[in-house]
Amino acid sequence: MYTQLAVLALAIGGMTIATAATNKADFGKTKEGAPVQIFTLTNAKGMEAKIMTYGGIVVSLKAPDRKGAMADIVLGQGSLKAYEENNGPYLGALIGRYGNRIGHARFNLDGKEYILEKNDGENTLHGGAHGFNTKVWTPKVLPDGGLELTYVSKDGEGGYPGTLTLVVVYRLTDSNELKIDYAATTDKTTVVNPTNHSYFNLKGEGNGDILDHLVTLYADRFTPVDAGLIPTGELKPVKGTPFDFTKPTAIGARIEQNDEQLKLGKGYDHNWVLNSGGGKLALAAKVEETTTGRVMEVLTTEPGIQFYTGNFLDGSITGKGGKVYARRNGLALETQHFPDSPNKPKFPTTTLLPGQKFQSETVYRFSAH
């Protein structure tokens, strides 16, 4: 049963300028018996986001098409059990302690080598086999209707040094934006690179592939990878390659080209170096779907974005609507620092010191034309 937790109406001169509501419901218990809640965020325009405390997962997100019709545009599953047993693709999850890959599952910090969990061949992917996507986060509904989720990762968890406290706030604004704010502190020098791993299909989840979606990436360079999908360290210009999305381009236009990098990733699964350079909120990507008119813009303070085309979705997951998720049925745009940065001194640093505060913001803005 839903219980309304927060409603906000800010009035200036008698005029209401913003409204937000957050509701909570039980979503079952984990295998270990921990209770899990699901929160529903709504805005004044009818958009709705459902986020659960297990993995901080965005379970659903409803956005309007050009006629105002709502559809759920993120891939997700229908039960907590399904997420626990079969979420290899990290559908909708908060990722930590380190989003993306760390080569050979190890890195050096302050002269000491740290050994991580190998869960992607010889590498660590998305924090390891027991990353933040598998944890139950502590929720708090904020006065403005935002949902704050907190997870404390103990020193040594997953092989990472330092007790890290990560606070993530989801907000659904009346401008049809899903805003995600990250803040982290540590008691020992560590590395941190959180992100969200939602898969989008602007036609609606379960409605086929995303190859006809038009993508623009505001990035003139990307980071090529080796056979293990670990960056080589090069920042390569996209011009003249299938990685040039500086103008709106259909995902499927070049995804099957005879290109070494595309073969290694089995499609797009690479980090783009954003022209903004990070540090301030700036436009990173734009996705357009012509049949519905839906548009998604991604803004971030991060220096990079991983564009992933669902190459490893294999039909083993049945979505919440009963439709099977096949290859390339969703796309992810993961705002981030670069993969393997702890082993690449020339990449923007992901090191966090005691007394410092890591802060990052990403906005998914929706419209239709």
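Report, by residue number, each residue of the stretch 229-249 that is part of a loop (DSSP other than H, G, I, E, B) and either under 21 Å from the mean Cα position of the chain (by Cα) or crowded, with 21+ Cβ neighbours inside 10 Å (or both).
L229, I230, F243, F245
For the stretch 153-163, check the following and say yes or no: at least one residue is in a strand (DSSP E or B), out of contact with any His (no Cβ under 7 Å at 6 or more places or on another chain) and either at positive phi or aliphatic (A, V, I, L, M) (or both).
Within the stretch 153-163 (the criterion being in a strand (DSSP E or B), out of contact with any His (no Cβ under 7 Å at 6 or more places or on another chain) and either at positive phi or aliphatic (A, V, I, L, M) (or both)), the answer is no, since none of the residues qualifies.
Give me the pairs: first residue in the stretch 233-252 and charged (D, E, K, R), second residue outside any strand (DSSP E or B) and surrounded by 16 or more Cβ atoms within 10 Å (Cβ to Cβ), beta-carbon distance under 6 Å, and six or more apart or on different chains, which are they?
Correct list of pairs: E234/P224; K236/P224; D244/V238.
So, in the stretch 146-176, how many residues would count as being within 27 Å of R365 (Cα to Cα) and surrounded by 22 or more Cβ atoms within 10 Å (Cβ to Cβ)?
Here the count works out to 7.
Identify the residue in the stretch 339-369 that is crowded, with 16+ Cβ neighbours inside 10 Å and over 21 Å from the mean Cα position of the chain (by Cα) and, among all such residues, is nearest to E113 (Cα to Cα).
Checking each candidate, the answer is N343.
So, in the stretch 174-199, of the ones that are in a loop (DSSP other than H, G, I, E, B) and either within 18 Å of the chain's Cα centre (by Cα) or free of Cβ contacts under 8 Å to residues at least 40 places away in the same chain (or both), which residue ends up nearest to K112 (Cα to Cα)?
Of everything passing the filter in the stretch 174-199, V192 is nearest to K112 (Cα to Cα).
Can you pull out the residues in the stretch 86-112 that are farther than 16 Å from G128 by Cβ and buried (at least 24 other Cβ atoms within 10 Å of the Cβ)?
Of everything in the stretch 86-112, those that are farther than 16 Å from G128 by Cβ and buried (at least 24 other Cβ atoms within 10 Å of the Cβ) turn out to be L91, G92.
Suppose we filter the stretch 309-337 for residues that are part of a loop (DSSP other than H, G, I, E, B) and either touching a residue at least 60 places away in the same chain (Cβ under 8 Å) or within 17 Å of R101 (Cα to Cα) (or both); how many remain?
Qualifying residue count, the stretch 309-337: 17.
Assuming V215 fulfils every condition listed in (1) of a type outside the set (S, T, N, Q); (2) farther than 22 Å from L142 by Cα; (3) out of contact with any Leu (no Cβ under 9 Å at 6 or more places or on another chain); (4) assigned to a strand (DSSP E or B) apart from one, which condition is it?
With respect to (1) of a type outside the set (S, T, N, Q); (2) farther than 22 Å from L142 by Cα; (3) out of contact with any Leu (no Cβ under 9 Å at 6 or more places or on another chain); (4) assigned to a strand (DSSP E or B), V215 is out only on (3).
Using the structure shown, decide if T19 is at pLDDT below 95 and among the hydroxyl-bearing types (S, T, Y).
yes
Give the residue, chosen from E84, E113, that is assigned to a strand (DSSP E or B), at pLDDT 95 or above and more than 14 Å from the chain's Cα centre (by Cα).
E113
The values are calculated or read from the model by the stated rules, or taken from the named source; none is laboratory data. None of these values were measured; they are calculated from a predicted model. Cβ: placed from backbone, ideal geometry, glycine included. Neighbour counts: every protein chain shown.
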